[in-house]
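The block underneath contains the structure these notes are about, expressed in structure tokens.
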Amino acid sequence: MARHIEADGIRVLSTPSMVGFIEETCRVFWDHVLPEGYTTVGVRVDVHHIRPAVLGSELEVRATALHADEKRVLFWVEVWSGRLLIGYALHERAIVEKAAFAARVKSLIAGSAGG
């Protein structure tokens, strides 16, 4: 994943890196709401990266839960660099039981090992 893009010696935050910050912020935010043994996984991100942020600048990621039920959480997220909005997104996460999710992933890995 590209952490930055460089143009004329200026390095700026890449969109994939911004999406990573959005996902991690929402996961950590909602993990505090869930019972032990549960977490969330990202299933959709509709991101708009509207301004550059110089690599190394301090960012603030603000997340608000718009809707939640027993299976999904939908967030509105804004990414700020100082007083400048650099991006925003709708981000949806699925609520999963950690052990069951890990078992499904292991099964997928085992199934793809032969092919």
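The values are calculated or read from the model by the stated rules, or taken from the named source; none is laboratory data. Since the structure is predicted, the reported quantities are computational estimates derived from the model, not experimental observations. Heads up, the Cβs are rebuilt from the backbone with ideal geometry, glycines too, and the neighbour counts pull from every protein chain shown.
Considering only residues that are touching a strand residue (DSSP E or B) at 6+ places or on another chain (Cβ under 8 Å), at pLDDT 95 or above and of a type in the set (D, E, K, R), which ones fall in the stretch 25-63?
Answer for the stretch 25-63, where residues must be touching a strand residue (DSSP E or B) at 6+ places or on another chain (Cβ under 8 Å), at pLDDT 95 or above and of a type in the set (D, E, K, R): Arg27, Asp31, Arg44, Asp46, Arg51, Glu60, Arg62.
Kindly list the number of the only condition in (1) farther than 22 Å from Arg44 by Cα; (2) among the polar types (S, T, N, Q); (3) touching a Phe, Trp or Tyr at 6+ places or on another chain (Cβ under 6 Å) that fails for Ser81.
With (1) farther than 22 Å from Arg44 by Cα; (2) among the polar types (S, T, N, Q); (3) touching a Phe, Trp or Tyr at 6+ places or on another chain (Cβ under 6 Å) applied to Ser81, the lone miss is (3).
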